[in-house]
Amino acid sequence: MISPLTNAFLINPMPLQLTLNLCSHGCIYCFSILNDPKRKADLKKILSILKHHKNRNDITSLFLKDKYPVLISNNVDPFSKNNHVLTNQILKLLVAMDIPVQLNTRGGYGWQEASEKIKPSIWYVSVPYSDDEVRKIFEPNAPSLDERFEMVKELVKKHKVMIGINPFDAKFSDDHKAIIDKYSEIGVKHFWINRFHLNYKQQSNLTDSQKEIFGPEFLKQAASKDINPETVKLYIALRDYAKEKDCEIIGTPSGHYESWFDDFYSIYPKTMPTQNDFFKWCEENKSEGDTISFDEFFDFFAPLIPDWETDISKFIYNKSNLDDKTFMKKTRLKNILHVYWDSKAGLNLAKNYPVFSWFKVQTEKKLDWAKDGNGDRLLIYHPNNYNTKEFLILEETKQS
Ligand code: SF4
């Protein structure tokens, strides 16, 4: 199916995703397989939307009409044994329609044909291991590390490639630096890192022998919101090492602009704006201790967002947290900006990024949130003083 990339609004520049058959690479930690072990590609629906999108007004069709790019894919490998033929058939149609793509893969079959067929694109290639024997345990049917390296060597001649050291943990590699060494030598600059995460629902679909491979402690950590301090140490050391090699570790934003997004903008004529663009605006327009209002947030994003009125529910981040279900129905895309500014379903800038905080003001009479004239909470920007708490308390005199 081609559908909105769930939870992508203001997070990912790619608004759409193509989903195919459950991936035969069979990685034992694949959240997509664990979420829905019986999924099959719905070719009829895919062809129908490609054929009829010009006459339709659902959000997927609107993005296709405007030739926004399609991610292939966050939940399947397009070049697995059971998907590569379909991938190349669909790519042929997308190329004819002048709709660009981003490809996420561990390699496999038919990637050469795809690479030749499409315009220069972003390819995200997962390489979480430095030892192929370890790879065989967790990704039994996926291409070997040598095959992935040979593929990337070819791809970089035409495309931009980032390497996903994902999942990132000492369990999967005892030498992450070796991955950076190897790929930086052939011109890769960006390495995406995400820690290993599997919630308990997903874990319930693991077989007993898979559970045994991970071990109970590791699975407990995988379901936890807290990051293991050892993994944090490993991350910091690798980030510093990458800098020495003139590379960048990405995927764990702090609230500062990450320049790897420039690759997207240099390649794709149309992308959706993201919070990362807003981080850049803050860096250029705000200083330590300045406040940021919803009006500024809205004025930044509104001109960059298509002016559509349609069902936008798939775009609402963490929508189960959203009390007001009006947003699940037909509404203007720009209406979500207010939800994203200050609700649990939104970006949660103050909670997630240490350069932003909400703030309360202590007066003689009360302690209350700082708000603008419309009653929206104000953020305070402190790029030089990281604060991991969601809000600060200021004395009244300090607010002015
Ligand atoms: S390659 Fe990706 S989609 Fe395929 S099984 Fe592995 S993790 Fe899942």
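From the list I186, I227, I163, the one residue that fits, being crowded, with 19+ Cβ neighbours inside 10 Å and either in contact with a Ser or Thr (Cβ under 8 Å, 6 or more places away or on another chain) or within 28 Å of Q102 (Cβ to Cβ) (or both), is I163.
Note on the range 236-261: residues that are under 30 Å from E390 (Cβ atoms) and of a type in the set (D, E) amount to 3.
Testing A170 on (1) part of a loop (DSSP other than H, G, I, E, B); (2) more than 20 Å from F31 (Cα to Cα); (3) more than 16 Å from the ligand (Cβ to nearest atom), one condition comes back false. Which one is that? Of (1) part of a loop (DSSP other than H, G, I, E, B); (2) more than 20 Å from F31 (Cα to Cα); (3) more than 16 Å from the ligand (Cβ to nearest atom), only one is false for A170: (2). Among the numbered conditions (1) within 16 Å of the ligand (Cβ to nearest atom); (2) surrounded by 14 or more Cβ atoms within 10 Å (Cβ to Cβ), the only one that P140 does not meet is (2). Within the range 173-199, the set of residues being among the small types (G, A, S) and part of a loop (DSSP other than H, G, I, E, B) comprises S173, G187. Scanning the range 118-150 for residues that are under 15 Å from K160 (Cα atoms), among the hydroxyl-bearing types (S, T, Y) and either modelled with pLDDT under 95 or in a loop (DSSP other than H, G, I, E, B) (or both) gives a single hit, S121. With the structure loaded, tell me whether I72 is under 21 Å from the mean Cα position of the chain (by Cα), within 16 Å of the ligand (Cβ to nearest atom) and surrounded by 14 or more Cβ atoms within 10 Å (Cβ to Cβ) or whether it fails that test. Judged against the criteria, I72 is a match.
Note on the range 21-33: residues that are farther than 26 Å from I250 by Cβ and either modelled with pLDDT under 90 or not hydroxyl-bearing (S, T, Y) (or both) amount to 3.
Does D98 meet the test of being of a type in the set (D, E), closer than 22 Å to G164 by Cβ and out of contact with any Asp or Glu (no Cβ under 9 Å at 6 or more places or on another chain)? It is false that D98 is of a type in the set (D, E), closer than 22 Å to G164 by Cβ and out of contact with any Asp or Glu (no Cβ under 9 Å at 6 or more places or on another chain).
Does S115 meet the test of being at pLDDT 95 or above, of a type outside the set (K, R), over 22 Å from I193 (Cα atoms) and away from the ligand (no atom under 16 Å from the Cβ)? Yes, satisfied. So is D262 in a loop (DSSP other than H, G, I, E, B), exposed (fewer than 14 other Cβ atoms within 10 Å of the Cβ) and either among the charged types (D, E, K, R) or modelled with pLDDT of 95 or more (or both) or not? In short, no. Out of all the residues in the range 99-142, which are touching a residue at least 60 places away in the same chain (Cβ under 8 Å) and farther than 21 Å from T271 by Cα? Within the range 99-142, R106, G108, I137, F138, E139, P140, N141, A142 qualify. Please enumerate the residues belonging to the range 351-376 that are in a loop (DSSP other than H, G, I, E, B) and out of contact with any helix residue (DSSP H, G or I) (no Cβ under 6 Å at 6 or more places or on another chain). Result: Y353, P354, V355, E364, K365, K366, A370, D372, G373, N374, G375.
Within the range 56-85, residues that are on the phi > 0 side of the Ramachandran plot reach partners that are more than 16 Å from the ligand (Cβ to nearest atom) with beta carbons closer than 7 Å, at six or more positions or on different chains, in the pairs K67/D98; K67/I99; K67/K270. Taking the listed residues K286, K189, K270, the one that is of a type outside the set (V, I, T), out of contact with any helix residue (DSSP H, G or I) (no Cβ under 8 Å at 6 or more places or on another chain) and within 23 Å of Y386 (Cβ to Cβ) is K286, with no other qualifying. Of note, K51 does not satisfy the criterion of being within 16 Å of the ligand (Cβ to nearest atom) and loosely packed, with under 15 Cβ neighbours inside 10 Å.
Starting from the range 29-49, keep only residues that are under 19 Å from T6 (Cα atoms) and not assigned by TED's automatic domain parsing to the domain that holds R135, then list their pairs with residues that are away from the ligand (no atom under 16 Å from the Cβ) and not in a helix (DSSP H, G or I) whose Cβ atoms are within a distance under 7 Å, requiring at least 6 positions of separation or different chains. Close Cβ pairs satisfying both conditions: none exist. Would you pick out the residues in the range 76-100 that are away from the ligand (no atom under 16 Å from the Cβ) and touching a helix residue (DSSP H, G or I) at 6+ places or on another chain (Cβ under 8 Å)? Answer for the range 76-100, where residues must be away from the ligand (no atom under 16 Å from the Cβ) and touching a helix residue (DSSP H, G or I) at 6+ places or on another chain (Cβ under 8 Å): N88, I90, L91, K92, L93, L94, V95, M97, I99, P100. The set of residues in the range 37-48 being over 12 Å from L206 (Cα atoms) and surrounded by fewer than 18 Cβ atoms within 10 Å (Cβ to Cβ) consists of K38, R39, K40, D42, L43, K44, K45, L47, S48.
The values are calculated or read from the model by the stated rules, or taken from the named source; none is laboratory data. Nothing here was measured: the structure is a model prediction, and the numbers come from that model. Note that we place each Cβ from the backbone using ideal geometry, even for glycine, and neighbour counts take in every protein chain shown.
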